[in-house]
Structure formats: structure tokens, C-alpha cells
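Below is one structure, written out as C-alpha cells, with a few remarks after it.
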Amino acid sequence: MVKKFDSLDEIQKYYDEKTNTYIFKENGKYIDIVAFNFNLNVEANIDAKDIKAQSINAMDINASNISAWDIITKDINAENIDSYNINVWNLRANNIKSGNIEANNIYAHDISYWAVCFAIQNITCHSIKGRRENAKHFVLDGALEVLKQ
């Protein structure tokens, strides 16, 4: 089931005041896909199965314990992201700028990172470069493949 929301008022029934969390469940089951068709700016947690969004512009994100599967995105512009314990499987993205990236498989066009970028399985990209002189990128159990443009 896909549930589309066009305004902040429409998601209020999913807000749990005790935990300061939007929980996108109906009849005890997560809504399959939650789509926000408006600018979402909340100071609360979001608990959802699949979120679809385009053109995410974000500043000052603090996050912990994020697990995600099958993320497909374009044009993420973000500043000041502090995150801990992020586990991502099957990330496909363009134009990500980040501090440290830790992932299972990374598929990206250009990877630009601050200090360390590594994957457990594979990294496939067109370019990869650290912004510090002693920055490191590596793969633990697979291969780093830099595709020719």
C-alpha cells in the first residue's frame, strides 16, 4: 500500500506525542510506502518502512541507528550531518557529499569524502577522492571498481 501525504496536517494522526515520533502504521502493520509530496520539516523521529522523496535538501541532521534497504536517490544536498550506526544495503545515488561513509555495497557516480570511505563488499563509482591529505578508502571483502567515463 502506498500512502501519499500532501501536507503536514495529513500526517498528524501518525504522531505519538510520548515518543515524539511519527509512526506510519495502520492496523499494527507498517504502511508499505510513505510518500511526502510537500516540504517536510519536523523536529521528531520518523518510523516508516519505505519513504520515497525527491530533491532532499537538509542541514543539521543528527541521526542514530539507521537501517535502510534499496535506497535510490538523486541530488542529496546536505550540510552538517552527524550520524552513528548507519547500515545501508543497495545504495544507488548521485551527488552525495558526506563526512564518513560506511556501507555494504556502494554504487555511486563521484564519491567525495572527508576522512574514510569503506565498504564491506564492493564500491563501484566513476571517481573516489578524500578531501584530507591522509584520507583512506578501501573495501574489506570485495573490490573497488572505478568505471571509465
- line: In this structure, the FRET efficiency calculated for ILE51 and LEU147 from their beta-carbon separation, with R0 = 41 Å, to the nearest 0.05, is 0.90
- prompt: Using the per-residue mean of other Cβ atoms lying within 10 Å as a proxy for protection, in what order, highest first, do the peptides 108-117, 12-21, 136-145 fall?
  reply: 108-117, 136-145, 12-21
Nitroxide proxy distance, nm - points 7 Å out along Cα→Cβ at VAL42 and GLU17: 1.5
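Computed from the coordinates by the stated procedures, all read-outs in this text should not be read as laboratory data. Treat the numbers as computed from the prediction; the structure is a model and nothing was measured. Cβ: placed from backbone, ideal geometry, glycine included. Neighbour counts: every protein chain shown.
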